[in-house]
1. Can you bin the chain into rounded, prolate or oblate? Criterion: square roots of the alpha carbon gyration tensor eigenvalues sorted a ≥ b ≥ c, rounded for a/c under 1.5, prolate for a/b above b/c, oblate for the rest.
2. Restricting attention to the stretch 44-122, which trypsin sites (Lys or Arg not before Pro) occupy a DSSP loop and are surrounded by at most 16 other Cβ atoms within 10 Å?
3. Could you work out which residue, out of 26, 55, 101, moves most in a Gaussian network model of the chain, that is, has the largest mean-square fluctuation with Cα springs under 10 Å?
4. Quick one: what are the phi-derived ³J(HN,Hα) couplings along the stretch 17-22, Karplus 6.51/-1.76/1.60 with θ = phi - 60°, whole Hz, x for glycine and proline?
5. On a straight-distance basis, which lysines could pair with residue 75 in a cross-link, Cα separation under 19 angstrom, same-chain partners fewer than 8 positions away excluded?
6. Straight-line reach only, C-alpha to C-alpha below 13 angstrom: list the aspartates and glutamates that residue 43 could link to, leaving out same-chain residues fewer than 8 apart.
7. Would you work out if the stretch 1-53 is rounded, prolate or oblate? Take a ≥ b ≥ c from the square roots of the eigenvalues of the alpha-carbon gyration tensor; rounded if a/c is under 1.5, else prolate when a/b is larger than b/c, oblate otherwise.
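Since every read-out is calculated from the coordinates, none of them should be taken as a lab result. Treat the numbers as computed from the prediction; the structure is a model and nothing was measured. Because the Cβ atoms are built from the backbone with ideal geometry, glycine has one as well, and the counts that use them run over all protein chains shown.
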Amino acid sequence: QVQLVESGGGLVQAGDSLRLSCTASGGTFRSYTMAWFRQAPGKEREFVATIGWLGFTRYTDSVKGRFTISRDNAKNTVFLQMNSLKPEDTAVYYCAANQGGPAQTTNEYAFWGQGTQVTVSA
C-alpha cells in the first residue's frame, strides 16, 4: 500500500509561482508512474501532468510551458512547479501513483493523496 502526502498549496496572485510536493511511503517509489490531477469546484477531476519511472513526461495542453513535473527518487518525492499561474488554475491538486505506464485518466491510478488547495486570485 502506497501513502501519498501533498504539500505546497496556497493563495497566490495571477502570474505568481508555486511548487507542489508529494512524498510517498510504503512502496517502491522509483517503480511507480506519478501524476498530478486537479479538481475545481463543480468540475470533474482532470489530468495535469505525469512522469514515468524513466522520466517520460506528459502534460495537459492548458499547462504546457507553465508547469513542470519532476521526481526525486532518492527522496520518494514528486514535484509540480507551477509558473505564470492563472485564476483558472484554482483547484485542489491531487498526487496519484500507479504501477503501469504514464496515463491520463483517474481510473488508471490506484493510489491518491488527500489533495492540496491552490487558489489563484486575479
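1. Cα axes put the chain in the prolate bin.
2. On the way: sites: 45, 58, 64, 66, 71, 75; in loops: 45, 64, 66.
For trypsin sites (Lys or Arg not before Pro) across the stretch 44-122 that sit outside H, G, I, E and B with at most 16 neighbouring Cβ atoms in 10 Å, the list reads 64, 66.
3. 26
4. Result, rounded to whole Hz: 10, 9, 10, 8, 10, 9.
5. Once the sequence-local lysines are set aside, nothing remains near residue 75.
6. 88, 89
7. Verdict is prolate for the stretch 1-53.
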